[in-house]
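Take a look at the structure set out below.
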Amino acid sequence: MLNQLRADTYRQLHTWGTYIVLAITILFSILITSSESVGGLMVSTDDTTMDRLNHGAWSVLTGLKSATLSSTVLLYIDIAIFVIIIGQEFSKQVYKNTLITGITRLGFIVGKFIMMLGNILILTLIFYGTAAITGKLAGRSLGTSGLKLGQTIGNMTLTVAFFISVIFSLGVIMLVLTNSVVAATVGIVLWPILIGILASLSNWTWLKYLNFTGVAQSVALGGLKVSELGPYLGISGGLLLLTMAGSAILMQYKEL
């Protein structure tokens, strides 16, 4: 697995797409923070909260909360990372070259998950770090203590990155099933949209545990306390493990 991780790291560092994703992430964070923009795709919050963010005095902390509302866009930006790390190998069938080196299928899948999670964590941290720096350069007050601000950035980074990785895990198992990066990408794109539509049209309260993009927004806006994240993390973690194991099992039936 270590050799695979080194090979994936080398390939990423020599792929223009990696740096384009990084540039887009930084630019997007600067734009929404400097323009005091509030909102993203599938924003799940009430009008009162949105009005308070729109018309209140902005601080660095306010910018971070706004960035979290816009973090749904990160899911779609990070799809390029999904394609670079694992999508291309399946679409070109070159993943077989890695498997014949002796790595197990489970090791292959776990290695890919580690690479994706590491990339998502770094990009999300850069996204929030850029928002904080942009807010400070704009002359805004911190809105809280420096320690609290640092904790907020850490909590938001971990929460957003984790739930994005869970959605990507669904894309991985779809990729293994279909060998189609297009089908996997469409699945990633549609998941939060379909869950949001179903939640609004039905009384199925359990759907909130599958609304991965909405959880981070609720935490940022105070609608969901970090201490209440247990069930969400448990279900999401279980789903992540199931998709990893399921992907490895499905690969057992693929011919080399």
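Quick notes
- Residue check, residue 162 closer than 21 Å to residue 122 by Cβ, open to solvent by 40 Å² or more (accessible area, probe 1.4 Å), of a type outside the set (Ser, Thr, Tyr) and touching a residue at least 60 places away in the same chain (Cβ under 8 Å): yes
- Going through (1) free of Cβ contacts under 8 Å to residues at least 24 places away in the same chain; (2) part of a helix (DSSP H, G or I) one by one, residue 224 falls short only on (2).
- Filter result for residue 83 (free of Cβ contacts under 8 Å to residues at least 60 places away in the same chain, at negative phi and open to solvent by 30 Å² or more (accessible area, probe 1.4 Å)): no
- Scanning the stretch 221-253 for residues that are polar (S, T, N, Q) and surrounded by 11 or more Cβ atoms within 10 Å (Cβ to Cβ) yields a total of 3.
- Looking only at the stretch 177-205, residues that are modelled with pLDDT of 85 or more and among the polar types (S, T, N, Q) come to 3 in all.
- Single residue of 139, 150, 143 found to be surrounded by fewer than 17 Cβ atoms within 10 Å (Cβ to Cβ) and not in a helix (DSSP H, G or I): 139
- Checking residue 109 against (1) more than 14 Å from residue 175 (Cα to Cα); (2) within 21 Å of the chain's Cα centre (by Cα), the condition it does not meet: (1)
- Qualifying residue in the stretch 206-220 (condition: surrounded by 11 or more Cβ atoms within 10 Å (Cβ to Cβ), at pLDDT 80 or above, among the hydroxyl-bearing types (Ser, Thr, Tyr) and closer than 21 Å to residue 90 by Cβ): no
- Of all the residues in the stretch 183-205, those that are crowded, with 20+ Cβ neighbours inside 10 Å and assigned to a loop (DSSP other than H, G, I, E, B) number 0.
The values are calculated or read from the model by the stated rules, or taken from the named source; none is laboratory data. Because the structure is a prediction, the values reported are computed rather than measured. Methodologically, a virtual Cβ is constructed for each residue, glycine included, from the backbone with ideal geometry; neighbour enumeration extends over all protein chains shown. Accessible surface is based on the protein model in full, side chains and every heavy atom, while ligands, DNA and RNA are left aside. Shrake-Rupley method; radii C 1.70, N 1.55, O 1.52, S 1.80 Å.
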